[in-house]
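Colleague: Below are the structure tokens for one structure; questions will follow.
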Amino acid sequence: MNPRVLLDQLSAEAAVSGSALAARLGVTRAAIWKQVEALRASGAPIEAAAGRGYRLSWPIEWLDDARMMAELEPGQRLRIGDVAVHWQLDSTSSELMRRAALAGGDLLVCCAETQSAGRGRRGRDWRSPLGGNLYFSLLKRFDHGMGALTGLSLAVGTAVIAALADCGVEGAGLKWPNDVLARGRKLAGVLIELGGEFLGPCHAVIGIGINLRLPAEVAATIDQPSIDIAALTGAEPPSRNRLAGRLLARLIETLDCFGAQGFAAFAGEYARHDLLSGQPLRVHDANGTIDGTGAGVDERGALRVRHDGRVRSYDSAEVSVRVR
């Protein structure tokens, strides 16, 4: 049984009995129960009540490439190499890394309704419940080498903030080097993976996960405080397709500017959303743990921390940071 066909039979307005679903889909009630349990295990927002049947906790808006593309300017649409929407992948970024190695094309987009092996920085798992959040990756090719991409994750962070604002979501900020936080909790994350030649040409796969609706049972399994857009808006979160489209549009603008000017063009915008500047920090690196005060980022996008009157810069590969 196609799981999406079953989900399309459910709504947030009224419950549907298992026997009614079985009759509609031409299967047994046991098959319906088995599929519902599998969908719930994947994070689908299905509620079950004895004697009433099944209903959705909230309406699911499926991702749609045409609706995403409608958010782009005409010139931007012409530049998109491909937009692929999958039901399930191991990881949208892994899919684009595989595609990058096999074929050409620039500005390739990959989204999924759920991921079985989504990942964040330093190999952390990124929990990917079905149909509630945005799992998005973009492949961008560069003629120059990888060294010119220093600070790219920070520039991408400003694009995420701008896309959220386009959709009416305010109050988010940036935690170096790749987290988007709101109310002190993680709302979104950025993961950039590079491929190609070190001296050029090269490519970047930009992976972005944004929590629109994060089920409580999923949030409880995440190893850091998390939040979703629904909690920020206090109402219905914006359309997933609109958010994906605005994110794509903002990323194209950002990547064009970054390719021409590097991180320097985004230093001011990043500073406006920097959640660590002026904050007491605890930095962990290969030499141990040291406390200090955030002092912004340098022209390369490295974190600046003041320790006993001296400022030291840290590259993203060397440290993790926690506000004390």
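Colleague: If you check Arg282 against the conditions, is it outside the structural domain of Gly145 (by TED's automatic domain parsing), without any contact (Cβ under 8 Å) to a residue 24 or more places away in the chain, of a type in the set (Lys, Arg) and farther than 30 Å from Arg79 by Cα?
Modeller: no
Colleague: Exactly one of these conditions fails for Tyr54: (1) surrounded by 14 or more Cβ atoms within 10 Å (Cβ to Cβ); (2) over 26 Å from the mean Cα position of the chain (by Cα); (3) more than 20 Å from Gly131 (Cβ to Cβ). Give me its number.
Modeller: Going through the list (1) surrounded by 14 or more Cβ atoms within 10 Å (Cβ to Cβ); (2) over 26 Å from the mean Cα position of the chain (by Cα); (3) more than 20 Å from Gly131 (Cβ to Cβ), Tyr54 breaks only (3).
Colleague: Still on this structure, I have one more. Restricting attention to region 71-95, which residues are in contact (Cβ under 8 Å) with a residue 60 or more places away in the chain and more than 20 Å from the chain's Cα centre (by Cα)?
Modeller: Answer for region 71-95, where residues must be in contact (Cβ under 8 Å) with a residue 60 or more places away in the chain and more than 20 Å from the chain's Cα centre (by Cα): Glu73, Gln76, Arg79.
Colleague: Name the one entry in Leu281, Leu276 that is under 18 Å from Gly173 (Cα atoms) and part of a loop (DSSP other than H, G, I, E, B).
Modeller: So the residue among Leu281, Leu276 that is under 18 Å from Gly173 (Cα atoms) and part of a loop (DSSP other than H, G, I, E, B) is Leu276.
Colleague: Of all the strands (runs of 3 or more DSSP E) wholly in region 175-245, which have at least 1 residues that are closer than 22 Å to Arg99 by Cβ and more than 13 Å from the chain's Cα centre (by Cα)?
Modeller: 185-196, 202-210
Colleague: Okay, next question. Surrounded by fewer than 14 Cβ atoms within 10 Å (Cβ to Cβ) and at pLDDT below 95: does that describe Ala70? Spell out the reasoning first.
Modeller: On the way: surrounded by fewer than 14 Cβ atoms within 10 Å (Cβ to Cβ): yes; at pLDDT below 95: no.
When the stated conditions are applied, Ala70 does not pass them.
Colleague: Now for a different question. Quick one: would you say Thr114 is within 26 Å of Pro238 (Cβ to Cβ) and either free of Cβ contacts under 8 Å to residues at least 24 places away in the same chain or not in a strand (DSSP E or B) (or both)?
Modeller: No, not satisfied.
Colleague: State whether the residues of region 69-79 include one that is assigned by TED's automatic domain parsing to the domain that holds Gly195, touching a helix residue (DSSP H, G or I) at 6+ places or on another chain (Cβ under 7 Å), part of a helix (DSSP H, G or I) and hydrophobic (A, V, I, L, M, F, W, C).
Modeller: Yes, region 69-79 contains at least one residue that is assigned by TED's automatic domain parsing to the domain that holds Gly195, touching a helix residue (DSSP H, G or I) at 6+ places or on another chain (Cβ under 7 Å), part of a helix (DSSP H, G or I) and hydrophobic (A, V, I, L, M, F, W, C).
Colleague: Right, here's the next one. Go through (1) assigned to a helix (DSSP H, G or I); (2) under 30 Å from the mean Cα position of the chain (by Cα) one by one and return the number of the condition Ser19 breaks.
Modeller: Of (1) assigned to a helix (DSSP H, G or I); (2) under 30 Å from the mean Cα position of the chain (by Cα), only one is false for Ser19: (2).
Colleague: Let me ask something else about it. Here are the criteria: (1) closer than 28 Å to Pro237 by Cα; (2) at pLDDT 95 or above. Tell me which single one Arg141 does not satisfy.
Modeller: (1)
Colleague: Sticking with this structure for a sec: Residues to consider are Leu214, Leu154, Leu199; find the one that is in contact (Cβ under 8 Å) with a residue 40 or more places away in the chain and under 25 Å from Gly296 (Cα atoms).
Modeller: Step by step, each of Leu214, Leu154, Leu199 is checked, and only Leu154 is in contact (Cβ under 8 Å) with a residue 40 or more places away in the chain and under 25 Å from Gly296 (Cα atoms).
Colleague: Only residues in region 130-144 that are free of Cβ contacts under 8 Å to residues at least 24 places away in the same chain count as the first member; pair them with residues that are of a type in the set (D, E, K, R) and surrounded by fewer than 24 Cβ atoms within 10 Å (Cβ to Cβ), Cβ under 8 angstrom, at least 6 apart or cross-chain, and list the lot.
Modeller: Nothing qualifies.
Colleague: If you don't mind, there's one more thing I want to ask. Mind checking which residues of region 245-268 are touching a residue at least 60 places away in the same chain (Cβ under 8 Å) and more than 18 Å from Ile192 (Cβ to Cβ)?
Modeller: Across region 245-268, the qualifying residues are Gly245, Arg246, Ala249.
The values are calculated or read from the model by the stated rules, or taken from the named source; none is laboratory data. The shown structure was predicted, so the numbers you read here are calculated from the model rather than taken from an experiment. All Cβ positions, glycine included, derive from the backbone under ideal geometry; neighbour counts span all protein chains shown.
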